[in-house]
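Since the structure comes first, as structure tokens, the remarks are kept for the end.
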Amino acid sequence: MPSPFPGMDPFLEATSEFGCLHAGMIIYMQESLQGRLPENYYAKTGQRIWIDTSQRYVEPDVRVVHTAKKSGKQNGASAIAVASLAKPVIVTVPHDETIERYLDIYKKKGTKKRLVCSIEILSMTNKTPGEKGRKAYRRKQHEIMERNTHLVEIDLLRAGKHTTAVALDWAKEKTGDFDYHVCVRRFDRFEDLRSIRS
């Protein structure tokens, strides 16, 4: 059966599928751009890493008990050791760490380097309110927008909250409805973007 979404895999947004695509696209973009960049420019991958912790109760494998003071006669008669159950210690167990890759382009001048462009492929964690990944991404987005640095955001996900730097209502006013988009924020033309700050 042909895909109901020509040109796009309908299962792309599945977590198990998108992570592989995301990492692969960053590597391929780096390889593709590296040979095309002007002299003294280079592309380098970077990554954000965070760990989400579970709030579920974890049953201990071993219970630790301590021995109460011995009671008995001091003259060598028998003593009785009384074991009492210690209170369990509940520990939150971290899930696997989450890694999101991105691509940065630097200009090298002598021993100094300057970030000139950051390229991001948005993930579902970037587009889900309350997620650590969204908070980390938005923090980086705002930092980039306050510098003389270009920002390229590629959104291949229909689900989630709009996250790229261009305001959604303004983008739709200019282009009409869309499922996927690329937002290019040039630092020298930022006044045209009507950037969002949520």
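Spacing of the modelled spin labels on residue 108 and residue 138, each 7 Å from Cα toward Cβ, amounts to 3.7 nm. Each residue of segment 37-50 was assigned a 3J(HN,Hα) from its phi angle through the Karplus curve 6.51 cos²θ - 1.76 cosθ + 1.60 (θ = phi - 60°); the sequence is 6, x, 4, 6, 10, 8, 9, 9, 7, x, 8, 9, 10, 8 Hz, with glycine and proline shown as x.
Pairs spanning more than 22 Å between alpha-carbon atoms, out of 112/132; 44/108; 132/161: 112/132.
Averaging 1/r over each pair of different alpha-carbon atoms in segment 96-166 and inverting the result gives 13.2 Å, the Kirkwood hydrodynamic radius. Given R0 = 35 Å, the distance between the Cβ atoms of residue 148 and residue 97 translates into a calculated FRET efficiency of 0.60. Ranked by how many other Cβ atoms sit within 10 Å of their own Cβ, fewest first, the residues 18, 11, 187 fall in the order 11, 187, 18.
A short reminder: the numbers here are calculations on the coordinates, not readings from a lab. Please read these numbers as outputs of a predicted model, since none were measured by experiment. Every residue, glycine among them, receives a Cβ derived from its backbone with ideal geometry; neighbour counts consider all protein chains shown.
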